Structure formats: structure tokens, C-alpha cells
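Asker: Got a structure for you, questions after.
The values are calculated or read from the model by the stated rules, or taken from the named source; none is laboratory data. Everything numeric in this text was worked out from a predicted model, so none of it was measured. With ideal geometry, Cβ positions are generated from the backbone for all residues, glycine too; neighbour counts draw on all protein chains shown. When the accessible area is computed, the model is the full protein with side chains, heavy atoms only, and any ligands, DNA or RNA have been set aside. Shrake-Rupley method; radii C 1.70, N 1.55, O 1.52, S 1.80 Å.
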Amino acid sequence: MSSNASPYGSANDKHALEAAKRALREALSYPDALDRLDTLKQTVDQVDAEALVEELLSFLSDPDPLVRCEAVESLAEVARPEVQLHLTGLAIADPDWLVRGWALAGLEDAPYSWVNSFLWTVYRRDRAHFVKISALGTLLYRGVQEAYPLLVKYLFSAHYRFVIQAANSLAYSVEQLSPDALASLQETLRERLEAWRSAAAVVEALENCRAEVEAQLAGGDS
């Protein structure tokens, strides 16, 4: 077997799938969170998450928030009602703000009419700004234009993490913005780049967002 070969073989292979499920079940009892996280990542990289839903759901109760986030990211690819309901539960009940924010992002393609209302409720009630930005970013991705000005405000935050998260969220949803909004955002990004010119991580996020905005503007003009 080559170094690039999957240890589980094809996702359609029954024996390979059972091996993947067994690996995840065993990983749940590993005492080290990094070992659980590595097994989760490696398994989902090799086998379609759609075939591992039951096992992945078990990781949503993991004591380590990074492991829970990894499980959320894997499950977000699965368009099944029980998965999306689990994500809504995490978004309001998980004790860690990072997990709550990731869970909200996992709802971006949920096909339910109540999701937008739910996202607004979380935005208003959650005290963590990471969660608020996640809610706004998910709303904008879903085409809710009212989220845009609230998200842009975070570009003016004094906290670099919020600026980075807001810039990334805006970059991800540029297709939802009108030409006027894009032009306004382009100017705002120029201004914020000047304000943050000595902070490399913020500059990178702002530059990436500006590149997405300019590409969208160029595409709209063609």
C-alpha cells in the first residue's frame, strides 16, 4: 500500500466502512484529546461523513471543544434533518463559544424556514461576539441582507480576532452583495487596511476579503 492510500479503502467497501466506524468508536475512549482529534480527522478524510453520521454524532459530546468543533465541521457536510437539529442544539446549549459559533456556520445550507429566525435569536441573545459574528455571517450567506451592515460594523472592532472573523465571513458571502454594497465594502476595507497595516494577520484577512470583493465586482462588470 502506498503512503497516500486510504487505510479504509473505498467508502463503498463494506469492510472498509466497518473499519472506519470501529476506529471512531474506539477513539471515543482515548484519554488524550489530540488522539481523538487526529483519529476523527483522518477517518473523515478517508470516508464520506454521510456514512459515519451515528459515530460522528457521538463526538458532539466529547469533553474537548476542539474535538466537538471537528465533529461539527464533518457533520455540516451532511444534509440530514437529525444532523441539523443537533447543530441547532449545540448552537444554544454548548458551554464553549467556539463550538456554538461553529455549529451556527454548519446551518448555512439548512433548508428550513425557521433557521433565519433562529440565527437572529442567537445573535441577539448570545454574549460571545464570536457567536454573534457567526450568526451574522451565516445569515448573510443565506441571503439575509439585513445582516450585512451589522457584520461590517465588526470591521471597526478594536479586537483583531473579531475583525478577522468578520472579514472572512464577508469574503465568503460576496455573491450575496449588491454592486453598491460591494463598492462600499471595498472602500471600507481600504480604510481598515490602513488602520491595521502593522498587524499581519488582520491585514491578510482584510486583503483576502478585498480580493474577493474586487473579483465579484469585476465579474459583475463583464
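Asker: Using +1 at the C-beta of Lys and Arg and -1 at the C-beta of Asp and Glu, which of PRO81, SER117, GLY106 has the Cα lying farthest in the positive direction of the dipole of segment 36-121?
Answerer: After comparing all options, I get SER117.
Asker: Under a GNM of the chain (C-alpha, springs under 10 Å), which listed residue has the highest mean-square fluctuation: LEU90, LEU139, LEU28?
Answerer: Ranking LEU90, LEU139, LEU28 by mean-square fluctuation puts LEU28 first.
Asker: Relative to the Cα centre, what is the charge dipole magnitude of segment 99-178, using +1 at the beta carbon of each Lys and Arg, -1 at the beta carbon of each Asp and Glu, and rounding to the nearest 20 debye? Walk me through the intermediate numbers first.
Answerer: Details: 8 positive and 5 negative charges, 80 e Å.
Here the size comes out at about 380 debye.
Asker: Something else about it: Compute, for the chain, the length of the dipole vector about the Cα centre, with Cβ point charges of +1 (Lys, Arg) and -1 (Asp, Glu) only. Units Debye, rounded to 20.
Answerer: Details: 20 positive and 33 negative charges, 143 e Å.
In total the dipole reaches around 680 debye.
Asker: Also: How would you classify segment 103-222 from its alpha-carbon gyration tensor, with a ≥ b ≥ c the square roots of the eigenvalues: rounded for a/c under 1.5, else prolate if a/b is greater than b/c, otherwise oblate? List each step's numbers first, then the result.
Answerer: On the way: a/c = 2.23, a/b = 1.27, b/c = 1.76.
Oblate, since a/c reaches 1.5 and b/c is not below a/b.
Asker: Let me have the 222 nm mean residue ellipticity of the chain computed from DSSP H runs of 4+ only, each contributing -39500 (n - 2.57), with the sum over all residues rounded to the nearest 500.
Answerer: Values: 12 runs with 150 residues, N = 222.
Only helices count here, giving -21000 deg cm²/dmol.
Asker: Same structure, new question: Could you look at the chain and say what percent of its accessible area is carbon and sulfur, using a 1.4 Å probe and all protein chains? Before the final figure, lay out each step's value.
Answerer: On the way: 5900 of 11760 Å².
In the chain, the share of accessible area belonging to carbon and sulfur is 50 percent.
Asker: Could you give the spread of the C-alpha atoms of segment 19-60 along their three principal axes, from largest to smallest, in whole angstroms?
Answerer: Taking max minus min along each principal axis of the Cα atoms, segment 19-60 gives 26, 18, 17 Å.
Asker: Next question, about the same structure. Can you tell me how segment 18-130 classifies by the Cα gyration tensor, rounded, prolate or oblate, using a/c under 1.5 as the rounded cut? Before the final figure, lay out each step's value.
Answerer: Details: a/c = 2.74, a/b = 1.55, b/c = 1.76.
Verdict is oblate for segment 18-130.
Asker: If you don't mind, there's one more thing I want to ask. Taking the 0 to 90 degree range and rounding to the nearest ten, how far is the long axis of helix 129-141 tilted relative to the main principal axis of the chain, both from C-alpha atoms?
Answerer: In the chain, helix 129-141 runs at an angle near 80 degrees to the longest axis.
Asker: Along the charge dipole of segment 152-195, which of HIS159, PRO179, LEU193 sits closest to the positive end, that is, farthest toward it, with unit charges on the beta carbon of Lys, Arg, Asp and Glu (+1, +1, -1, -1)?
Answerer: Looking along the dipole axis, the top candidate is HIS159.
Asker: Below 8 Å, C-alpha to C-alpha, sequence gap of six or more: please give me the relative contact order for the chain in percent.
Answerer: 11
Asker: Measuring from label point to label point, each 7 Å out along Cα→Cβ, what is the LEU66 to LYS153 span in nm?
Answerer: Those two pseudo-labels are separated by 3.3 nm.
Asker: Which one, ARG210, ARG125, ARG36, has the greatest fluctuation when you compute a Gaussian network model over the chain with C-alpha springs under 10 angstrom?
Answerer: ARG125
Asker: Here's a follow-up. Could you grab the relative contact order for segment 79-138? Cα pairs under 8 Å, six or more apart, rounded to a whole percent.
Answerer: Numbers: 64 pairs, mean separation 20.2, N = 60.
The value is 34 percent.
Asker: Moving on. With a probe of 1.4 Å, find how much accessible area segment 115-164 has per residue, and write the answer as a whole number in Å². Walk me through the numbers on the way to the answer.
Answerer: Numbers: 2470 Å² over 50 residues.
Heavy-atom accessible area per residue stands at 49 Å².
Asker: While we're looking at this one, here's another question. Find the relative contact order for segment 43-142 and round it to a whole percent, using C-alpha pairs within less than 8 Å whose residues are 6+ positions apart.
Answerer: On the way: 121 pairs, mean separation 21.5, N = 100.
Once divided by the residue count of segment 43-142, the mean separation gives 22 percent.
Asker: I'd like the orientation of helix 65-75 relative to the chain: the angle between its Cα long axis and the longest Cα principal axis, in ° from 0 to 90, rounded to 10.
Answerer: That helix lies at roughly 90 degrees to the long axis.
Asker: Extent of the chain along each principal axis, from alpha carbon coordinates, in Å, largest to smallest?
Answerer: Taking the Cα atoms of the chain, the three principal extents are 55, 42, 34 Å.
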